[in-house]
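Asks: Below are the structure tokens for one structure; questions will follow.
Rule-based calculations on the coordinates, nothing more; no lab input. A quick note: this is a predicted structure, and the numbers were derived from the prediction, not measured. Please note: Cβ atoms are built from the backbone with ideal geometry, for glycine as well, and neighbour counts cover all protein chains shown.
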Amino acid sequence: MKNNYFPTLSEALEAENLSHAWDGTPLAYGQTIGKTYDDGSRFGYYVSVYRDERGFYERPIHYKRG
């Protein structure tokens with residue numbers, strides 16, 4: 001069974017091999033941030049991360065755009 005919540009942003013990103021795609025932007029409690037990562041493709045790659053009210057990070061959502 002996959003773990004869907006992680007105590008650190010680094011662990012959440014690494015769970016989906018996305019550490020290279022995040023620019024270091026911190027997340028506040030209860031915040032979701034979505035960013036387009038330039039992976040060299042025409043439209044890039046979308047990454048969304050949520051931090052809950054307890055401070056845990058949800059497994060990132062990610063997909064190719066376009």
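Asks: Applying the selection to the stretch 1-50, what residues are assigned to a strand (DSSP E or B) and farther than 18 Å from residue 64 by Cβ?
Replies: 5, 6, 32, 33, 50, listed by residue number.
Asks: I'm told residue 53 meets every condition in (1) in a loop (DSSP other than H, G, I, E, B); (2) surrounded by 13 or more Cβ atoms within 10 Å (Cβ to Cβ) except one. Can you identify the failing condition by its number?
Replies: (2)
Asks: Shifting gears a bit: When the residues of the stretch 1-37 are narrowed to those that are under 11 Å from residue 50 (Cβ atoms) and among the β-branched types (Val, Ile, Thr), which ends up surrounded by the most Cβ atoms within 10 Å (Cβ to Cβ)?
Replies: This residue is 33.
Asks: Next question. Looking at residue 39 and the list (1) out of contact with any helix residue (DSSP H, G or I) (no Cβ under 8 Å at 6 or more places or on another chain); (2) over 23 Å from residue 8 (Cβ atoms), which single condition is not satisfied?
Replies: All conditions pass for residue 39, except number (1).
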